[in-house]
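This report concerns only the one structure given below.
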Amino acid sequence: MALRSFKGGVHPYEGKELSKDKPVVRLEPSSELVFPLSQHIGAPAKAVVNVGDTVLRGQVLAEANGFVSAPVISSVSGTVKAIEKRRSCTGSMVESIVISNDNMDSCVSFNEISFEEALKLDRETIIKKISDAGIVGMGGAGFPTHVKLSPKDPDKIEYIIVNCAECEPYLTSDYRTMLEKTDKLYLGLKLLVSLFKNAKGVFAIEDNKRDCISLLSEKCVDDNISVCPLLTKYPQGGERQLIHAVTGRDINSKMLPADAGCIVDNVSTVCAIYDAVVLGKPLMDRFFTVSGDNVVNPQNYEIRIGMSFRDILEASGGEIDKAQKWISGGPMMGFSMFDLDVPTTKTTGAFLSFKEDEASIYDATACINCGRCVNACPENLVPSRLSKFFENKVKDEFEKWYGLECIECGSCTYVCPAKRPLAQEIKTFKHQILAEKKKQKEIGRGN
């Protein structure tokens, strides 16, 4: 089968050899875990426990506060130490529940059923189980999964695409999930396909993971589930790029994947769906990669959500030297960090430590009009021009040249020979314009 792909993109150094052959190690939780109430797109969850309460592993700490929201579940047993604002990996202060771990792992009872019984459940019951489990997009976006599985017209969904690309450099937790949870991943997709009578399931995997392609191809004995090999290229795992590569269909910022007849879920999300529906387990744990050229022992872990980045790094032997760069997530779209005493969440899948901050080594110079940023942009934009609009604060032209369609992948900055921070400038201007539009909309409602 020919490898599928999209126009544009880049080929950064992969760095996956540092951790890809390291089987997942279950990491024991620390003495204190922190659970931010906002671990998803939408309304923050609402706390249903109080300071001093005793909680169990698997117990709801905060309930969904609206349709586009998700509950937060305790990953340990212990006592509610505080409910207060704590710093997140992005640097913001977020209302959080702090649990003092009693190291007993006392757990709520889970209602486990067979997979055959799960397939007989009606659509509403399955989606409610997913909602109650607090499952959100675990690839980083954090969109509540029950909302994604509730499109206006379910009969128009033709593809359930499992995003197995893991195109970000250094990240290998999805790769290990495919190798170590193959059956669970396959059965999770079967459950999802059963929700839509006209849908087919697709595992979309980059060809730098040929062992995963082979392993999942052997599992795909059903006519309505297949493997789609993809060309290894960043950002192949971007939702729009993935949909185009698999189906040939295109969506923009004003559309949802469902508008193109697609639903896209990360591999960890699909495994969490199996856990919720079949095993009755809510989302409490996840696979996590620690890597980078400054980590003593790069490793893949199964962590308890709520553990701190510092504890996980220490389990990997700490750092070789004083780091110049910490990143939550991948180096292309992850968040630069300045504090390790922050909690992991449902959407944090990696921590990277680097000896050098390569992005700050070079000073930006004048644009040489080489066009490399245009060739690299997966959205067919003109990043150099959009950057100029940012510098001159020309909002109308920025929108006219489709600046709001930027997916913030960083490909333009990566290829720029003048080392201009194109992606950062475009992202900043885009969010300024969107914030202004939102404010104007709210003022209009108030009138």
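The single condition among (1) closer than 30 Å to Trp326 by Cα; (2) hydroxyl-bearing (Ser, Thr, Tyr); (3) exposed (fewer than 14 other Cβ atoms within 10 Å of the Cβ) that Ser114 does not satisfy is (1). Tallying residues that are out of contact with any strand residue (DSSP E or B) (no Cβ under 8 Å at 6 or more places or on another chain) and either part of a loop (DSSP other than H, G, I, E, B) or charged (D, E, K, R) (or both) within the range 105-131 yields 15. Against the numbered list (1) crowded, with 21+ Cβ neighbours inside 10 Å; (2) not in a strand (DSSP E or B), Tyr414 comes up short only at (1).
Residue-level check: of (1) out of contact with any strand residue (DSSP E or B) (no Cβ under 7 Å at 6 or more places or on another chain); (2) closer than 25 Å to Glu166 by Cβ; (3) free of Cβ contacts under 8 Å to residues at least 40 places away in the same chain, Lys325 misses just (1).
As a summary of the residue check, Gly334 satisfies the conditions (1) in contact with a helix residue (DSSP H, G or I) (Cβ under 9 Å, 6 or more places away or on another chain); (2) of a type outside the set (Ser, Thr, Tyr); (3) closer than 28 Å to His40 by Cα; (4) modelled with pLDDT under 95 except for the one numbered (1). If only one of Ile433, Ile443 is more than 24 Å from the chain's Cα centre (by Cα) and either assigned by TED's automatic domain parsing to the domain that holds Lys233 or loosely packed, with under 10 Cβ neighbours inside 10 Å (or both), which one is it? None of the others qualify; the one that does is Ile443. Asp211: acidic (Asp, Glu), out of contact with any Cys (no Cβ under 6 Å at 6 or more places or on another chain), closer than 28 Å to Glu124 by Cβ and surrounded by fewer than 22 Cβ atoms within 10 Å (Cβ to Cβ), yes or no? No; evaluated as a whole, the condition is false for this residue.
Can you find a residue in the range 213-221 that is among the β-branched types (Val, Ile, Thr) and either over 23 Å from the mean Cα position of the chain (by Cα) or over 22 Å from Leu3 (Cβ atoms) (or both)? The answer is yes; a qualifying residue exists. Filtering the range 106-141 to residues that are without any contact (Cβ under 8 Å) to a residue 60 or more places away in the chain and not hydrophobic (A, V, I, L, M, F, W, C) leaves Ser106, Ser109, Glu116, Glu117, Lys120, Asp122, Glu124, Thr125, Lys128. Counting only strands (runs of 3 or more DSSP E) wholly contained in the range 272-334, the ones carrying 2 or more residues that are polar (S, T, N, Q) occupy 285-291, 299-304. From the list Glu397, Glu408, Glu436, exactly one residue is in contact with a Lys or Arg (Cβ under 9 Å, 6 or more places away or on another chain) and on the phi > 0 side of the Ramachandran plot. Which is it? Only one candidate qualifies: Glu408.
I'd like to check something: does the range 259-279 contain any residue that is surrounded by fewer than 21 Cβ atoms within 10 Å (Cβ to Cβ) and either free of Cβ contacts under 8 Å to residues at least 12 places away in the same chain or closer than 24 Å to Ser92 by Cβ (or both)? Yes. Filtering the range 217-237 to residues that are in a loop (DSSP other than H, G, I, E, B) and either among the aliphatic types (A, V, I, L, M) or modelled with pLDDT of 95 or more (or both) leaves Val221, Leu231, Thr232, Lys233, Pro235, Gln236, Gly237. Exactly one residue out of Lys81, Lys85 is over 21 Å from the mean Cα position of the chain (by Cα), modelled with pLDDT of 95 or more and under 25 Å from Tyr301 (Cβ atoms): that is Lys81. Would you mind stating whether Tyr170 is in a loop (DSSP other than H, G, I, E, B), within 16 Å of Phe287 (Cβ to Cβ) and of a type outside the set (Val, Ile, Thr)? Against the criterion (in a loop (DSSP other than H, G, I, E, B), within 16 Å of Phe287 (Cβ to Cβ) and of a type outside the set (Val, Ile, Thr)), Tyr170 qualifies. Only one residue in Ser253, Ser268, Ser291, Ser328 is at pLDDT below 95 and either farther than 30 Å from Asp153 by Cα or in the same structural domain as Glu168 (by TED's automatic domain parsing) (or both), so which one is that? Within the list Ser253, Ser268, Ser291, Ser328, the selection yields Ser253.
Is it fair to say Ser353 is under 22 Å from Tyr301 (Cβ atoms), assigned to a strand (DSSP E or B) and at pLDDT below 95? It is false that Ser353 is under 22 Å from Tyr301 (Cβ atoms), assigned to a strand (DSSP E or B) and at pLDDT below 95.
Applying the condition of being within 20 Å of the chain's Cα centre (by Cα) and charged (D, E, K, R) to the range 8-62 and asking which residue is surrounded by the fewest Cβ atoms within 10 Å (Cβ to Cβ) yields Glu14.
The values are calculated or read from the model by the stated rules, or taken from the named source; none is laboratory data. Computed from a prediction, not measured in an experiment: that's the story for all the values here. Reconstructed Cβ throughout: ideal geometry from the backbone, glycine too, with neighbour counts over all protein chains shown.
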